[in-house]
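Only one structure is covered here, and it is reproduced in the block below.
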There are 2 protein chains.
Amino acid sequence: MDDVYTEKHQVVYYEVDVSGKLSIPMILNLAILGSTNQSAALGMGNERIHANNVGWVVLQYDMQIDRRPKVDEVINIKTQAVEYNPFFAVRKFWLEGLDGEPLVTINSIFAMIDMQARKMIRIPQVMMDTYQAKRVKHITRIPDPQDITTTTTEPQGTNYHVRFFDIDHNHHVNNAHYFAWMQDPLGADFLKKYETKRVNIKYENEIRYGSEVVSYYKILPSVGGEVITLHQIKVDGQVMTEAEMYWQENQA
Amino acid sequence: MDDVYTEKHQVVYYEVDVSGKLSIPMILNLAILGSTNQSAALGMGNERIHANNVGWVVLQYDMQIDRRPKVDEVINIKTQAVEYNPFFAVRKFWLEGLDGEPLVTINSIFAMIDMQARKMIRIPQVMMDTYQAKRVKHITRIPDPQDITTTTTEPQGTNYHVRFFDIDHNHHVNNAHYFAWMQDPLGADFLKKYETKRVNIKYENEIRYGSEVVSYYKILPSVGGEVITLHQIKVDGQVMTEAEMYWQENQA
């Protein structure tokens, strides 16, 4: 398919976490780098669309992790705009070994907003034609993460302050930072014992500089060695983000 | 000089801060990437030296910033091991435009440690021969940052918790993270108004996972449009890092 964009990337030392493997936030950064570069190559880069006062925002990622690449590994970043309707666009991302080994597969849903009003707008058809995406009546939805509040025990909350260097060019927190807030409260013992295998994350509201973030999590009972954690991020009592993560014990 | 190592790098979106320019932590990450790749190319990579239970630690950086490159700019990362004595090695780094425009110049002092004992050891001569560094009796020192405690008003402290994802493969905080702790307390108004022109940072003790960091700063009276800030990071009352930063007002 020539509507799949591909670029090579070598994993470097500051992109890996304590495990020596590509960090989860950096997986997302590289995925978005791929779509940014595809858009620029097609003449639909941020510079051009921001000049029209419109921009893309991600609503949800569903990330399947087969194997996180190690430092120095060379991988392919691939992405494709799959389908869209007037309000939602579905984009896929793949990180692969150069031999085609699947490493990470990401399904995602984006919307287009008016940059000033921060309100959703219709996606111009010329834009999706450029990506050769398929126009559909209903996009293929990603299921919602399980709701943390429907389980019986009270989830714990940990406070984080949004720092100046957490915000990007648009004065919003880079989506990749949310992972640190969500995973950090699980603690070193958990994070060293388990490897993230799947993350379903839904962004409901944008987080701004200076906000006090409270990160809640709950660890569900383990089934067959697989552990599921539920996460919720709130600011002033309002839900900003929800996520469901699947974990497997690290092989010794 | 063929003992200067050079590699190209294109600045990408997640490497820039809110100003749209290469962030200060990323400047350091790229510099160290250069020396890591030079070392690997010379057969003195971390993998080999860590196998001998030794490793490099940085003691001090003195960074001069002429112009921070913007997103998409292609730059050269250059580095050279300049001189050494049995305990200290002096290394220089440059970020340059492809036309040779100086962007960032960094002078630095490194030591070698026993990785288990975390104690300084003698630098093996074979190592420095590899880099063609000059053996000297006394290395050219970098002046200490001005002491924050010698000035009269009480510096303010802001608390930061060392998060799991702040630590690197060696279970220590990546040096680049210290900048966020030091600069974040200055606040958005200051950080948007002023541009960092020089940073002299001295690492005295390693910061570990789970530590509660207190970041102190003081803004010295402005002289001729130049502002100097002094910084100190403490853990349990012990000084871990000190820095002196020079700032100039951003051009409108």
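The values are calculated or read from the model by the stated rules, or taken from the named source; none is laboratory data. Remember, predicted model here, so these are calculated numbers, not experimental data. Using ideal geometry, Cβ is built from the backbone for each residue, glycine included, and neighbour counts are taken over all protein chains shown. Note: accessible area is taken over every heavy atom of the protein model, side chains too, but ligands, DNA and RNA are not part of it. Shrake-Rupley method; radii C 1.70, N 1.55, O 1.52, S 1.80 Å.
The table below gives the values:
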| item | result |
| --- | --- |
| Bins of 10 Å from zero: percent of alpha-carbon pairs in region B:143-252 | 14, 47, 30, 8, 0 |
| Net charge dipole size for the protein assembly as shown [Lys, Arg +1 and Asp, Glu -1 on Cβ; Debye, nearest 20] | 180 |
| Pairs beyond 20 Å (Cα-Cα), from A:K92/A:K202; B:K21/B:K218; A:K92/A:K197 | B:K21/B:K218 |
| Probe 1.4 Å - accessible area at B:F88, Å² to nearest ten | 70 |
| Residue among B:F88, B:M245, B:V199 farthest towards the positive dipole end of chain B, charges placed on Cβ | B:F88 |
| 7 Å along Cα→Cβ, label-point gaps from A:D129 to other copies, nm, shortest first | 6.9 |
| Value of D in µm² per second that Stokes-Einstein yields for region A:193-252, Kirkwood Rh from Cα pairs, at 37 °C (0.692 mPa s) | 258 |
| Leading residue at positive end of dipole, chain B (Cβ point charges), from B:I167, B:G224, B:Q10 | B:I167 |
| At 7 Å out from Cα toward Cβ: A:N205 inter-copy label distances (nm, ascending) | 4.1 |
| Calculated FRET efficiency for the pair A:L59/B:F87, C-beta based, R₀ 45 Å, to 0.05 | 0.25 |
| Region B:1-52 versus region A:230-252: alpha-carbon centroid distance in Å | 33 |
| 5 angstrom amide H check on B:M115, placed H, neighbours 5+ away | B:V54, B:G55 |
| R0 of 41 Å, Cβ-Cβ distance A:D189-B:D189: FRET efficiency to nearest 0.05 | 0.55 |
| Vicinal HN-Hα couplings computed from phi for region B:187-198 (Karplus, 6.51 cos²θ - 1.76 cosθ + 1.60; Hz; Gly/Pro x) | x, 4, 4, 4, 5, 7, 6, 10, 10, 5, 10, 7 |
| Summed residue charge, Cβ within 10 Å of B:V214's Cβ, Lys/Arg positive, Asp/Glu negative | -1 |
| Qualifying trypsin sites (Lys or Arg not before Pro) in region A:44-126, DSSP loop, other Cβ atoms within 10 Å at most 13 | A:R118, A:R122 |
| Bins of 10 Å from zero: percent of alpha-carbon pairs in chain A | 7, 29, 37, 23, 5, 0 |
| Karplus-derived HN-Hα couplings along region B:175-180 (A = 6.51, B = -1.76, C = 1.60, θ = phi - 60°), whole Hz, x at Gly and Pro | 3, 5, 5, 4, 5, 4 |
| Value at 222 nm in deg cm²/dmol, rounded to 500, when DSSP H runs of n ≥ 4 in chain B each add -39,500 (n - 2.57) | -5000 deg cm²/dmol |
| Heavy-atom accessible area ranking, 1.4 Å probe, most first, across A:T158, B:T196 | A:T158, B:T196 |
| Residues in region B:187-209 reached by a label modelled at B:I219 [backbone nitrogen below 15 Å; 7 Å Cα→Cβ] | B:187-196 |
| Cβ-vector label at 7 Å, A:D3, separations to other copies in nm | 5.7 |
| Derived scalar couplings ³J(HN,Hα) [region B:38-55; Karplus, 6.51 cos²θ - 1.76 cosθ + 1.60; whole Hz; x for Gly, Pro] | 4, 4, 4, 5, 8, x, 10, x, 4, 4, 5, 6, 5, 4, 8, 6, 10, x |
